[in-house]
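Have a look at the structure below before the remarks.
The values are calculated or read from the model by the stated rules, or taken from the named source; none is laboratory data. Computed from a prediction, not measured in an experiment: that's the story for all the values here. So basically every Cβ, Gly included, is an ideal-geometry build from the backbone, and we count neighbours across all protein chains shown.
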Amino acid sequence: MNKFFLFIALFVILISCSKEEIKESIIKEKSLDLQVLEAYQEGVESLETGDVLYAAKKFNEAETLFPQSEWAPKSALMAAYAYYTQDYYTDTIAELERFIRVYPLNKNLDYVYYLLGVSYYEQIVDEKKDLQSIIKAKEYFKIVSKNYQNTNYSLDAEYKIDLVNDILASKEMYIGRYYFDKKKWIPAINRFRTVIDDYETTIYAQEALHRLVEVHYILGLKDEAKKYAKLLGYNYQSSKWYEKSYSVFDKEYKENVKKRDKKRSKKNKTLKKIKSLFSLDG
């Protein structure tokens, strides 16, 4: 989906570089421009046949031949996209970072930053190992969201930021649970607090609040435990984590819930028996 979206976006950006216009220009030009256009055209043809390395080489050549021409930034962008189509993320990122240095005022920087974010995002496999990719992806998506709000990329960048935050929050929870199991209370509190402070809109905020209730109750800090329980109840009263936190303070609560469910189940069975007596099949 990302590759198709990025291809369409690039097509719009480079709409002025269609084959027909290139051929028309080739007929008219017989100078350095002609060499640039020929190199660019070779790059396009190689990209279409799947030879992305040669395509990138020709796009780089087109840029180098005439760095001051309008074709230079377009060629640089095409080189980056060529690498991206075959998941050569390291080369894609290097080309895009160079693009920002060489063309800091280019009108297509929104696309560049978005493609940078996507290139890091698509390298995330394991949140416990790929921290660099996670942080970098979020960094570039935030640039798009903040600086290019009225573009086609902003909405998807914000969506991906939410996904990245879920990944980062899950990592904090994973480490926090580890410290909790090892009875290392202070490091555990710090991790759960990070989730509440930095990732409060993620799906892990509820559990983090509950864990803070548990830890503070274990440490005998009941007022602190109650503070987090109230916060959990205020925001997520129907949550299973609120029920778990409630049971921390009321040891009989869990048993009462079990008895209530057992009684309800027994009542439902009785009703089924009564209904069966009045059914037509009976």
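Observations on the structure shown:
- Residue check, Lys226 closer than 30 Å to Ile100 by Cβ and not hydroxyl-bearing (Ser, Thr, Tyr): no
- From Ala55, Ala157, residue being under 23 Å from Val44 (Cβ atoms) and either without any contact (Cβ under 8 Å) to a residue 24 or more places away in the chain or of a type in the set (A, V, I, L, M) (or both): Ala55
- Condition check for Thr194: surrounded by 14 or more Cβ atoms within 10 Å (Cβ to Cβ), at pLDDT 65 or above and not charged (D, E, K, R): yes
Let's see how each residue does on (1) hydroxyl-bearing (Ser, Thr, Tyr); (2) more than 21 Å from Phe249 (Cα to Cα):
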residue	(1), (2)
Tyr178	yes, yes
Trp185	no, no
Arg191	no, yes
Glu200	no, yes
Glu207	no, no
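- Evaluation of Thr92 against (1) among the β-branched types (Val, Ile, Thr); (2) over 18 Å from the mean Cα position of the chain (by Cα); (3) surrounded by fewer than 14 Cβ atoms within 10 Å (Cβ to Cβ) (one fails), failing number: (3)
- Failed item in (1) without any contact (Cβ under 8 Å) to a residue 60 or more places away in the chain; (2) touching a helix residue (DSSP H, G or I) at 6+ places or on another chain (Cβ under 9 Å), with Tyr111 passing the rest: (1)
- Given (1) over 27 Å from Glu139 (Cβ atoms); (2) among the small types (Gly, Ala, Ser); (3) at pLDDT 85 or above, number of the condition Ser69 does not satisfy: (3)
- Some residue of the stretch 161-177 being surrounded by fewer than 21 Cβ atoms within 10 Å (Cβ to Cβ), small (Gly, Ala, Ser) and touching a residue at least 12 places away in the same chain (Cβ under 8 Å): yes
- For the stretch 95-122, a residue qualifies if it is among the charged types (D, E, K, R) and within 19 Å of the chain's Cα centre (by Cα), and the qualifying residues are Asp110, Glu122.
- Selection from the stretch 162-204 of residues that are over 22 Å from Gly117 (Cβ atoms) and small (Gly, Ala, Ser): Gly176, Ala188
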